[in-house]
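Undergrad: Just dropping this structure here.
The values are calculated or read from the model by the stated rules, or taken from the named source; none is laboratory data. The shown structure was predicted, so the numbers you read here are calculated from the model rather than taken from an experiment. Neighbour counts are summed over all protein chains in view; Cβ atoms, including those assigned to glycine, are modelled from backbone coordinates with ideal geometry. Surface accessibility is based on the protein's heavy atoms, side chains included, excluding ligands, DNA and RNA. Shrake-Rupley method; radii C 1.70, N 1.55, O 1.52, S 1.80 Å.
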Amino acid sequence: MRKVHPEFAYQSRELEGQIEGILGDPPNRKNYQMMQSALASEYASGGGIEDVNMMSFALVDHITFSNPKGLLAEAAEYEGGDPAAVFAMASCEGEAGKMYQAMTQNHPELARQAIIAAFLFKHPRRWDDDDQSLEQLSRNDDGDDDQDEDGVTDDFAGMFDSEDNQ
């Protein structure tokens, strides 16, 4: 298992949530396909929303990966990296190939991030994520370290009593 940049882990989880949200419950494949087609058309024409999550959603059903180890290595760095190297490790065939080419030419850094996010989503067993959940973050936390161990004094507690009670 290889650690990936926390932002890539986040984007992969966001993609999963977006796909589940579009599919709905019960799953509506027609709605999902309409969204996929609309995004692919927008990106193929050179436009589209400049958003990593939307790009990865457009790619996820069409993309194939030729170098998983290389993509995992690229996933260690969210900003920067080598877009051309990532583009060489993935591809899309047919009509989706036009979308892929337009994305990589018009938005190289976002396309790099979207390709890696789609890869991580499709291959969750190849990588490990630092658990940033509240449950994990609170583990071994005994509470506020600055809190007085003696508790509240009677004088302090009495300050809040009304004058009627004294």
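Undergrad: What distance in nm separates the two pseudo spin-label positions at K3 and T153, each 7 Å out from Cα along the beta-carbon direction?
TA: Between K3 and T153, the simple spin-label model gives 4.6 nm.
Undergrad: Could you order M89, M55 by accessible surface area, starting with the largest, using a probe radius of 1.4 Å?
TA: Of M89, M55, the descending order of accessible area is M89, M55.
Undergrad: Taking the Cα-to-Cβ direction at R29 and at Q105 and moving 7 Å from each Cα, how far apart do the two end points lie in nm?
TA: Rounded to a tenth, the inter-label distance reads 3.3 nm.
Undergrad: For S91, S45, S12, write out the residues from largest to smallest accessible area, computed with a 1.4 angstrom probe and no ligands counted. The partial results should precede the final answer.
TA: Numbers: S91 40, S45 90, S12 10 Å².
These residues rank, largest area first, as S45, S91, S12.
Undergrad: Mind checking the full-extension length gain between A38 and N67? Use 0.36 nm per residue of separation minus the Cα-Cα distance, one decimal, nm. Write out the running numbers ahead of the final one.
TA: Details: separation 29, 0.36 × 29 = 10.44 nm, distance 2.85 nm.
Taking 0.36 nm per residue and subtracting the Cα distance, the gain is 7.6 nm.
Undergrad: Also, I was wondering about something else. Could you pull out every residue, at least 5 positions away or on a different chain, whose amide H is within less than 5 Å of the one on A90? Hs are placed 1.01 Å off N in the peptide plane, and Pro or chain starts have none.
TA: Sorted by chain and number, the residues that satisfy this are S66.
Undergrad: Any chance you could check the Cα centroid distance between segment 86-120 and segment 40-79 for me, in angstrom?
TA: Each part reduced to its Cα centre gives a spacing of 5 Å.
Undergrad: How much length is gained on full extension from I22 to E95, taking 0.36 nm per residue of separation minus their Cα-Cα distance? Intermediate values should be presented prior to the final figure.
TA: Numbers: separation 73, 0.36 × 73 = 26.28 nm, distance 2.21 nm.
The I22-E95 span can extend by a further 24.1 nm.
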